[in-house]
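First the structure, in the form of structure tokens, and then the observations on it.
The values are calculated or read from the model by the stated rules, or taken from the named source; none is laboratory data. Remember, predicted model here, so these are calculated numbers, not experimental data. Heads up, the Cβs are rebuilt from the backbone with ideal geometry, glycines too, and the neighbour counts pull from every protein chain shown. Surface accessibility is based on the protein's heavy atoms, side chains included, excluding ligands, DNA and RNA. Shrake-Rupley method; radii C 1.70, N 1.55, O 1.52, S 1.80 Å.
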Amino acid sequence: MDLMALPKAELHVHLEGTLEPDMLLALAGKNQVRVPYANREEVLAAYRFGSLDAFLKLYYAGMAVLRTVEDFTTLTEAYFDKVAGQGVKHAELFFDPQAHQEKGLGFVQILEGIEEGCRRAKVRHGISSLLIPCILRHLDPEAALRLVDEMLPHKDRFVAVGLDSSEQGRPPSLFAKAFQRVRDAGLRTVAHAGEEGPPEYIRQAIDLLGVSRIDHGVRILEDSELTKRVARAEIPLTVCPVCNVRLGVFGSLERHNLPRLIEAGLAVTLHSDDPAYIQFYIGDNYVACAQRLGIQEGALRTIARRSFTASFLPEAERERLSDLVP
Ligand code: ADE
Ligand code: ZN
């Protein structure tokens, strides 16, 4: 089976994490932003992360080159051009509005830039997309409330709100009030939990933030009761195996716990997270899981179908797309 061509949905990708070294350098030149790299090789050489926080430091520094509405369109368009060749039929894009605020870019400008890229992707490749702005959990809960209040007047233009950034010491409970406002407005919620943080954060994401999906969630197996509960409730876990390894969550792909997550009956899906920073897009993750983790074709088909059914598309569209998987 051609795992690259296998139809799939990308449900866990950070738009700023699709900023390829060449584009980072080009935008740095265009926007006159100083970056400590002279060429693509130097950028890639700097991308050695021992932890989530080590990654995030370079990640926030890199996205400083995004300065205009058009930059967001260029970034979005380039992402879709890339994954059109990896079987992606639908994508739900995370982005971090708060990370662009100090450059003077408001939420609506960012939204406009990304939406134009999404429209072009639909025309050029037939790929559909939905947007999920995320709250940065390293910032204080008051900042989260301010962002939510800025975003909600535009709630028809995104489908859910997420929670991302440094996990350790930043429990979901801190953001319960902000997420309550999001849900009261009729939107869905998702949260990164159990990537570096404990299973307790997964429990809080479900019980206090009301999430429809957990992003990562790989540490869930440390709590067997929670594992059973999440499996029974079929709450999807959007797992990003290669990114986990590159951020030091697992020592190697061969030691990733994906086979055990599947065995435990969890509703796992496979994704890329920050593909430009690890040079591994979603199709590359499917191939690596087959070749290096021994995940069987049948399981990968199930995962691909589930990526559509776990999406936030209307039901008829979820069904239509999942039926594309052979
Ligand atoms: N933002 C971008 N990538 C992330 C990750 N892997 N975990 C948390 N926040 C992120
Ligand atoms: Zn992520």
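Can you tell me the dipole magnitude for the chain around its Cα centre, using point charges on the Cβ only (Lys, Arg +1; Asp, Glu -1), in Debye to the nearest 20? Numbers along the way, then the final one.
Values: 38 positive and 45 negative charges, 71 e Å.
The dipole magnitude comes to about 340 debye.
Using θ = phi - 60° and the Karplus relation 6.51 cos²θ - 1.76 cosθ + 1.60, list the HN-Hα couplings for region 236-245 in order, rounded to whole Hz, with x at every Gly or Pro.
x, 10, 8, 8, 10, x, 5, 5, 3, 5
Please give the per residue accessible area of the chain, computed with a probe of 1.4 Å over protein heavy atoms only, in Å².
Numbers: 12590 Å² over 326 residues.
Each residue of the chain exposes 39 Å² on average to a 1.4 Å probe.
For region 41-134, what D do you get in µm² per second when you plug the Kirkwood radius from alpha-carbon pairs into Stokes-Einstein at 25 °C and 0.890 mPa s? Walk me through the intermediate numbers first.
Numbers: Rh = 14.4 Å.
Answer from the Stokes-Einstein relation: 171 µm²/s.
log10 I(q)/I(0), Debye, Cα-only the chain, no solvent, q = 0.08, 0.11, 0.12, 0.14 Å⁻¹?
The Debye formula, applied to the Cα set alone, gives -0.32, -0.64, -0.78, -1.11.
Rounded to whole Å and sorted largest first, list the principal axis extents of the Cα atoms in region 1-74.
So the extents along the principal axes, rounded to whole Å, are 45, 33, 21.
Add +1 for every Lys or Arg and -1 for every Asp or Glu among the other residues with Cβ under 15 Å from the Cβ of residue 200, and state the total.
Values: positive: 137, 170, 203, 219, 229; negative: 167, 195, 196, 207, 222, 223, 225.
Around residue 200, the charge tally is -2.
Trypsin sites (Lys or Arg not before Pro), restricted to region 39-95: which are DSSP loop and have at most 11 other Cβ atoms within 10 Å? Numbers along the way, then the final one.
On the way: sites: 40, 48, 57, 67, 82, 89; in loops: 48, 67.
Of the trypsin sites (Lys or Arg not before Pro), the ones in loops of region 39-95 whose Cβ has at most 11 other Cβ atoms within 10 Å are 48.
Working from the alpha-carbon coordinates of region 226-310, get Rg over Rh, Rh being the Kirkwood radius. Write out the running numbers ahead of the final one.
Details: Rg = 12.3 Å, Rh = 13.0 Å.
Ratio value, two decimals: 0.94.
Which of 259, 236, 275 moves the most in a Gaussian network model of the chain with Cα springs under 10 Å?
Residue with maximal mean-square fluctuation among 259, 236, 275: 259.
Check the chain for me: any Cys whose beta-carbon has no other cysteine beta-carbon within less than 4.7 Å?
118, 134, 289
Mind checking region 226-318 for trypsin sites (Lys or Arg not before Pro) that DSSP puts in a loop (not H, G, I, E or B) and that have at most 16 other Cβ atoms within 10 Å?
On the way: sites: 228, 229, 232, 246, 255, 260, 292, 301, 305, 306, 318; in loops: none.
For trypsin sites (Lys or Arg not before Pro) across region 226-318 that sit outside H, G, I, E and B with at most 16 neighbouring Cβ atoms in 10 Å, the list is empty.
What residues have an amide H closer than 5 Å to that of residue 127, excluding those fewer than 5 places away on the same chain, when H is modeled at 1.01 Å from N in the peptide plane?
Sorted by chain and number, the residues that satisfy this are 122.
Out of 1, 133, 37, whose Cα points farthest toward the positive end of the dipole of region 1-148 (charges: +1 Lys, Arg; -1 Asp, Glu; placed on Cβ)?
1
Round to the nearest 0.05 the FRET efficiency obtained for residue 146 and residue 5 when R0 = 35 Å and r is the Cβ-Cβ distance.
Numbers: r = 44 Å, r/R0 = 1.25.
Here the calculated transfer efficiency is 0.20.
Would you pull out the residues with amide H under 5 Å of residue 213's amide H, same chain only if 5 or more places away, H placed 1.01 Å from N?
Here 191 satisfy the definition.
So how much slack lies between residue 53 and residue 254, counting 0.36 nm per residue of separation and subtracting their Cα-Cα distance, in nm? List each step's numbers first, then the result.
Details: separation 201, 0.36 × 201 = 72.36 nm, distance 2.32 nm.
Result: 70.0 nm gained on full extension.
Counting each DSSP H run of 4 or more residues in the chain as -39500 (n - 2.57), what helix-only mean residue ellipticity at 222 nm follows after dividing by all residues, to the nearest 500 deg cm²/dmol? Numbers along the way, then the final one.
Values: 15 runs with 152 residues, N = 326.
Computed ellipticity for the chain at 222 nm equals -13500 deg cm²/dmol.
Set the Förster distance to 30 Å, then compute FRET efficiency between residue 297 and residue 33 from the Cβ-Cβ distance, nearest 0.05. Present the calculation step by step, with values, prior to reporting the outcome.
On the way: r = 45 Å, r/R0 = 1.50.
It comes to 0.10.
Can you return the lysines within cross-link range of residue 8? Criterion is Cα-Cα under 29 Å, with same-chain partners fewer than 8 residues away left out.
Cross-link targets: 82, 89, 122, 155, 228.
Plugging the Kirkwood radius over Cα pairs into Stokes-Einstein for region 173-326, at a temperature of 4 °C and a viscosity of 1.567 mPa s, what D comes out in µm²/s?
81
Of all the accessible heavy-atom surface of region 8-321, with the other protein chains kept in place and a 1.4 Å probe, what percent is carbon and sulfur? All intermediate terms of the calculation are to be shown ahead of the outcome.
Values: 5800 of 11950 Å².
The C+S portion of the solvent-accessible surface of region 8-321 is 49 percent.
I need the calculated FRET efficiency for the pair residue 81 and residue 228, taking r as the beta carbon distance and R₀ as 45 Å, to the nearest 0.05. Mind showing how you got there, number by number?
Working: r = 42 Å, r/R0 = 0.93.
So the FRET efficiency works out to roughly 0.60.
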